[in-house]
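Here's the structure we're looking at; comments come further down.
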Amino acid sequence: MSRLFHLTLALLLVAQMSHAQDSAFVHVNGGVLYNSGLNYYGRVDSLRSKGVCPFLGFSLKNGLYVNSTFVFIGNSLQSQYAATLLEAGYNFSDSAGKHWAGNLSVSRFLYQPGIDLVESVVREMASASITQLNKVANITLTASARWSNQVDYNTQAGLDHIIRIPNVFSKKGVLVFDPTATIAAGTQNFTTTYYQEKQFLFIPVQQQQITAISEQFNLLAYEVSCPVVYGLGKIKLMLTPAYVLPQHVIAGSETGSNLFYVTALVKVSF
């Protein structure tokens with residue numbers, strides 16, 4: 001997977017450089033995202049960390065892009081730099097951009113040693129999504145594979161309805177509400193330890209500890225959210241309240257309960 005990420009990143013950089021002479025083809029965006037409750041489908045670290053994430057990205061008109069995000073976490077014990085997240089991908093849609101849209105991406109996660117975040121074991125990810133656009137409710141399906149010391153597979157289905165209000169505070173100002181409901185499922189790994197008697201001539205002589213690892217594909221979470229976006233020229237402000245209900249939380253190895261959290265974002269594009 002690491003070779004795939006580096007190959008994809010190299011191809012995107014070459015494509016980007018080939019268009020660099022025409023600034024109309026290259027878009028730069030940057031900003032900061034705040035997350036009041038970092039979680040993985042409702043699973044949280046023991047200290048329930050918050051996150052501040054500056055980001056920088058480059059994209060082309062043909063849909064290719066490269067993004068980098070720098071994660072800083074804070075909790076009751078400390079505030080520190082936690083990770084750099086790298087993503088390369090491709091956004092696509094039908095010719096009119098009114099019926100279908102999708103994304104293909106690969107990501108590389110560079111976590112600091114000793115970081116106590118639920119997803120810090122994940123090193124790389126490949127993801128694909130497709131959205132059917134319509135006036136009633138957009139339907140989005142997503143599938144991903146995540147590499148750690150094993151490979152985990154996740155799927156997600158979502159419904160959202162965009163409400164757009166033009167001319168807010170300015171003739172160029174647009175306010176957008178996007179109420180969304182999603183359901184997520186994925187693989188979970190379970191470890192079971194038991195003892196087995198060894199016999200010699202039908203006489204028990206010792207017990208041997210056996211550890212078995214099994215994998216199941218389970219429902220992981222339900223989530224409802226309502227992104228609120230205000231756009232004015234090159235600036236976008238977004239506030240997203242969300243409520244997640246984790247499912248099949250593994251007792252003893254995962255910490256998770258119903259969680260309300262908020263993300264806020266400031267983004268500038270050039």
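In which sequence would Tyr222, Tyr65, Tyr153 go, from the one with the fewest C-beta neighbours within 10 Å to the one with the most? With the sparsest Cβ surroundings first, the list reads Tyr153, Tyr222, Tyr65. Across region 88-101, rounded Karplus estimates of 3J(HN,Hα) from the backbone phi angles (6.51 cos²θ - 1.76 cosθ + 1.60, θ = phi - 60°) give 10, x, 9, 9, 9, 7, 5, 4, 8, x, 10, 10, 9, 8 Hz, Gly and Pro being marked x.
For region 115-181, the square roots a ≥ b ≥ c of the C-alpha gyration tensor eigenvalues yield an a/c of 1.5 or more together with a/b exceeding b/c, which makes the shape prolate. Taking a cut-off of 29 Å between Cα atoms, list the lysines near Lys171, but don't count ones fewer than 8 places away on the same chain. By straight Cα distance, Lys171 reaches Lys61, Lys98, Lys135, Lys234, Lys236, Lys267.
Here, each number is a calculation from the coordinates, and none is a lab measurement. Note that the structure is predicted; figures quoted are calculated from it, not measured. Positions of Cβ are generated from backbone atoms using ideal geometry, with glycine treated the same way; all protein chains shown enter the neighbour counts.
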